[in-house]
Structures are given as structure tokens and as C-alpha cells.
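The values are calculated or read from the model by the stated rules, or taken from the named source; none is laboratory data. Keep in mind it's a predicted model, so treat the numbers as computed, not measured. Here the Cβ is made from the backbone with ideal geometry for all residues, glycine too, and neighbour counts use every protein chain on show. SASA here: full protein model, heavy atoms, side chains in, ligands and nucleic acids out. Shrake-Rupley method; radii C 1.70, N 1.55, O 1.52, S 1.80 Å.
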Amino acid sequence: MESNFINHLPIGDLTADVEQLFQDFDYLDILKNYGSYCLFINSLLSLALSRKQYRVKLIACYVQFDSKTDQRFLLGHPTYIDPGQLAGHIFCLVNDQYLIDFGLGNLRKFDSDFAQAVACPIHLNDDSSSSDPKCIASITTMSQQSLTWIGDHTIPDLELAMQAQEAKVMQLMSFIERFQNNRLGHCIRKALTSKTKVSPKTKISTQSLNWPLKNFDDTLRP
């Protein structure tokens, strides 16, 4: 079984900060609730990293997943979108060197053991190991699965989607910061109260009148 977080970053402050954010997102059920919504969760991650003084950009792409059963899946490929779907996949580019993607939840529908998140260096222009100039980054797992982020294209209605989710991103960021400022108190309260399921009303509504996309999930096609 692979780790839920595949981290190929060099040892240092960024690695420590990203691993802590992954643990926080996991503990607060953010990965469980939003881990298939690449735009939302990586926008939230981008904001969290920006507040730690990293340079972060959101980049559009699609992801090619070659499974251990020799099946190929395309996550967010613009050719296979259905009406109302986000025409692409979004990840965080940090300091123009590192790819960090917490939004791989849809891949787990086909391989429940696959990681929820990946962090790795991108392929630089002078990296001769990449034969495809559109290849942004790639990893091979211990079980010989491969994941490749490809292209840098424009997603229609992306700005509208980002505006529609902004209030929810800021609300959840405030919740995360309150937790980070008092982890012990939060953990004690959680231990003393029964764990309840998140109400659907607290999740992103993809059916609201101001939401430009009917289906917020990434496209995923074999």
C-alpha cells in the first residue's frame, strides 16, 4: 500500500510545512470532504503556503495515471469533459520548482490504495530526462505506477469558478488557522465530543445559482 502522501521534495522547510499541512487537512477531514475537488483544495493549499511566504501559482494541466494493471486514466483531460465539468486539473507550483497536488482523490476511485497527494520537483527546461516538452512533472511509485502532469492550458470559466469558491476558501482557511493556533485545545474538544458527520450544507454547493460548473469533480476517463 502506498502512503497517502508521496513526498519527493528535498529535506527542508518546505517539506516540513507541506507535511504539516497534509496532516492538518487530514485531521480536519478536509481531504476527505474536498480531496476530489482539485481547484478548491489546491486553492486552499495555495493560500496556506502563500501565508508562509512561499511563491505559489495555480497551474492548469491534466494528469496521466498508468496503473499497476496496465490501465491508463486521464484526470482532467479537456477532450473528455462532460457539460459543466472543470476542463482540466489544477495543482500548486511552489517557488517555480515544485509541484504540490492535494487534489488526487478521484484516482482513488480506481485504486483505493493510491496516494491522495503528491509533492515533487518539476521538470525544468534543461532536464533532458523528459522527452515530452509538455511534461511538467512525473513520478513512479514503489508499486511501479506512474503519474504524469501534462500541459499548461487555459480552463474556460476558471476565473468564475475561483470567484464562486473564494468565500468558502477564506472561511475554511480561518478555521485551519484557529486550529493551528490551538491544536491541543481542538484535540481535547474533539476527544470529548462524539464525532459527527459534516453537514452537506457546509460543503461547496455545486448547484447554487452563482456556481458556473454543474459538476465540480475533475473529469476522469480510461
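In table form, for the structure just shown:
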| quantity | calculated |
| --- | --- |
| Heavy-atom accessible area per residue - the range 43-155, 1.4 Å, Å² | 46 Å² |
| Cβ charges +1 (Lys, Arg) and -1 (Asp, Glu), total dipole of the range 27-91, debye | 380 debye |
| Förster radius 25 Å - calculated FRET efficiency between residue 108 and residue 159 (Cβ-Cβ, nearest 0.05) | 0.30 |
| Long-range amide H partners of residue 151 with built H, under 5 Å | 135, 136 |
| Carbon and sulfur %, accessible surface of the range 1-143 computed with the full protein complex present, 1.4 Å | 47 percent |
| Computed log₁₀ I(q)/I(0) - Debye formula, equal Cα scatterers, no solvent, the range 86-180, q 0.21 Å⁻¹ | -1.25 |
| Value in Å of the Kirkwood radius, where the range 1-150 supplies the Cα pairs that are averaged | 15.6 Å |
| Candidates per chymotrypsin sites (Phe, Trp or Tyr not before Pro) in the range 71-165, loop by DSSP, up to 16 other Cβ within 10 Å | 110 |
